[in-house]
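Colleague: Structure in C-alpha cells, see below.
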C-alpha cells in the first residue's frame with residue numbers, strides 16, 4: 001500500500017506531462033493569443049504526414065475573434081490544468097486542445113466546402129445548453145410533432161444571422177464526457193467583422209473560414225489548439241506543437 005501511495009503522485013505527474021496530441025492527427029489549427037484576457041488572436045493551420053514528422057503551415061495566418069471575457073481552461077484532449085476553468089455562460093473561449101466535429105452545419109441548401117459532411121439546419125435543429133438535461137451540449141433534431149424545451153436553454157442552429165450561416169463544432173466538454181455546467185455550444189463560425197468578440201466561440205471572416213476548412217477533412221483528425229502565449233511556450237515542445 002505504501003508503494004502505491006508513493007507511485008500515485010509520479011503517475012499523476014507523468015500523465016500531466018504526457019503529450020495529449022492524438023497520433024492519428026494530421027492537421028493542427030493553432031491560435032496563440034497574447035494572454036488570458038485576449039479577445040482576438042491569429043490562427044493558422046499546419047499539416048504533418050504522421051506523428052514522426054514536423055509540422056508545415058498549409059494556410060496563411062488569419063485574424064480570429066474569441067470570447068469577450070477572454071479564455072479559461074476547457075475540457076478536451078489535454079489533461080486537467082490549474083487556472084481559470086470554463087463555465088456555462090461565462091463568455092470565455094475554452095483554452096486547450098480539442099478535436100473537431102465531423103459535420104459542417106449551414107443554412108444554405110448546398111455546402112460551399114465539399115470535403116466536409118454537410119447538414120442544412122432547419123428551425124427544428126437545436127443545440128442544448130441546459131446543464132440539467134441529458135442532452136446537454138448535444139445537437140438535438142426535433143420531429144415535426146415534438147415540443148420545444150420549455151426552459152429555452154438551447155441555441156437555434158438556424159438563425160437569421162449571417163454569422164451563423166456556417167459552423168463546425170469544437171469538441172469542448174463533448175459527449176460522451178460531458179460535465180454539467182462546464183460550457184456548451186462552442187463552434188468555429190463566421191465573424192461579424194474584425195474585433196467583434198463572441199460568447200465563447202472562435203470566429204473568422206467567411207473567406208478565411210472557407211480557406212481553413214478546405215485545407216482539411218475529418219479524415220485528417222484535425223485538432224484545435226488555443227493557448228495563451230505563456231502557456232503555449234510552456235507546452236510547445238512537450239505537446240509537439242508547431
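Colleague: Criterion first (free of Cβ contacts under 8 Å to residues at least 40 places away in the same chain, crowded, with 19+ Cβ neighbours inside 10 Å, in contact with a strand residue (DSSP E or B) (Cβ under 8 Å, 6 or more places away or on another chain) and more than 19 Å from residue 85 (Cβ to Cβ)) does residue 164 satisfy it?
Modeller: no
Colleague: Right, another one. Restrict the check to the range 108-120 and report whether at least one residue is under 30 Å from residue 147 (Cα atoms), surrounded by 19 or more Cβ atoms within 10 Å (Cβ to Cβ) and touching a residue at least 24 places away in the same chain (Cβ under 8 Å).
Modeller: So far as the range 108-120 goes, no, none of its residues is under 30 Å from residue 147 (Cα atoms), surrounded by 19 or more Cβ atoms within 10 Å (Cβ to Cβ) and touching a residue at least 24 places away in the same chain (Cβ under 8 Å).
Colleague: In the range 70-86, what residues are farther than 14 Å from residue 36 by Cβ and surrounded by 15 or more Cβ atoms within 10 Å (Cβ to Cβ)?
Modeller: 75, 76, 77, 78
Colleague: Taking the range 203-231, which residues are closer than 19 Å to residue 67 by Cα, in contact with a strand residue (DSSP E or B) (Cβ under 9 Å, 6 or more places away or on another chain) and surrounded by fewer than 19 Cβ atoms within 10 Å (Cβ to Cβ)?
Modeller: Of everything in the range 203-231, those that are closer than 19 Å to residue 67 by Cα, in contact with a strand residue (DSSP E or B) (Cβ under 9 Å, 6 or more places away or on another chain) and surrounded by fewer than 19 Cβ atoms within 10 Å (Cβ to Cβ) turn out to be 205, 206.
Colleague: Another question, if that's okay. Residue 182 passes all but one of (1) surrounded by fewer than 22 Cβ atoms within 10 Å (Cβ to Cβ); (2) farther than 24 Å from residue 35 by Cα; (3) out of contact with any strand residue (DSSP E or B) (no Cβ under 6 Å at 6 or more places or on another chain); which number fails?
Modeller: Only one criterion in (1) surrounded by fewer than 22 Cβ atoms within 10 Å (Cβ to Cβ); (2) farther than 24 Å from residue 35 by Cα; (3) out of contact with any strand residue (DSSP E or B) (no Cβ under 6 Å at 6 or more places or on another chain) is unmet by residue 182, namely (2).
Colleague: On to the next question. Among what's in the range 125-138 and is free of Cβ contacts under 8 Å to residues at least 40 places away in the same chain and in contact with a strand residue (DSSP E or B) (Cβ under 6 Å, 6 or more places away or on another chain), pick the residue that is surrounded by the fewest Cβ atoms within 10 Å (Cβ to Cβ).
Modeller: So, considering only residues that are free of Cβ contacts under 8 Å to residues at least 40 places away in the same chain and in contact with a strand residue (DSSP E or B) (Cβ under 6 Å, 6 or more places away or on another chain), the one surrounded by the fewest Cβ atoms within 10 Å (Cβ to Cβ) is 135.
Residues are listed down the side, and each one gets a yes or a no for (1) on the phi > 0 side of the Ramachandran plot; (2) under 14 Å from the mean Cα position of the chain (by Cα); (3) at pLDDT 95 or above:
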position: 3; (1), (2), (3): no, no, no
position: 6; (1), (2), (3): no, no, no
position: 13; (1), (2), (3): no, no, no
position: 26; (1), (2), (3): no, no, yes
position: 42; (1), (2), (3): no, no, yes
position: 56; (1), (2), (3): no, no, yes
position: 61; (1), (2), (3): no, no, yes
position: 64; (1), (2), (3): no, yes, yes
position: 72; (1), (2), (3): no, yes, yes
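The values are calculated or read from the model by the stated rules, or taken from the named source; none is laboratory data. Quantities reported herein were computed from a predicted structural model and do not represent experimental measurements. Every residue, glycine as well, gets a Cβ built from its backbone with ideal geometry; the counts of neighbours run over all protein chains shown.
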